1. Express in % the proportion of alpha carbon pairs of the stretch 70-110 at distances exceeding 13 Å.
2. Nearest 0.05, what FRET efficiency do residue 100 and residue 127 give at R0 = 35 Å with Cβ-Cβ as r?
3. Under a point spin-label approximation (7 Å from Cα along Cα-to-Cβ), what is the residue 3-residue 71 distance to one decimal in nm?
4. Straight-line reach from residue 87: which aspartates and glutamates have a Cα under 13 Å away, not including same-chain ones fewer than 8 places off?
5. When the Cα centres of the stretch 98-113 and the stretch 42-57 are compared, how far apart do they sit, in Å?
Amino acid sequence: MDILGEILKQVLEGAAQQQAPQRAPQPQPRAPQGAPSGMPNPNDLAEIFKQIFGGGDAPKLPDVVKQFEEKGLRDEVDSWVRTGPNKPVSRRQIEDVFGERELEEIARQRNIDRERLAEVLGRYIPKIIDELTPSGQMQARR
């Protein structure tokens, strides 16, 4: 079973519903080839999250949690793992955890803006970790 895939589908569908325009959408100009277009599309986001969490059963979840804890974000991570409200994380904190170079590389590969990518990761990583830990604890590795 692809747990991460199911969670990503739910998170991204929820985001799409929240961002759905109330009136007919206006055509958006396409960014010139090679220039960052800004917002990652859902397919890119799914691939980025699978890269971060290791796909499938999210085998990298303990490593991701450790990265946040090592950067002084233990309270935030605890709120995501445990039941209850999730504490937010900022774009700058995401850049600190994953590194600006790493985010720049991911963004460049997908022709998106690094800062926008960090904002999006900051918005969705807490939700994803929350969904990956429904019992309020991380599952023991098998």
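Derivation of every value follows stated rules applied to the coordinates shown; laboratory data play no part. The model shown is predicted, which means the values in this text are computed figures rather than measured ones. So basically every Cβ, Gly included, is an ideal-geometry build from the backbone, and we count neighbours across all protein chains shown.
1. Tail of the P(r) past 13 Å holds 59 percent of the pairs.
2. The computed FRET efficiency comes out at 0.90.
3. Here the modelled spin labels are 2.3 nm apart.
4. Here the aspartates and glutamates satisfying the reach criterion relative to residue 87 are 75, 76, 78, 130.
5. The distance from the Cα centre of the stretch 98-113 to that of the stretch 42-57 comes to 14 Å.
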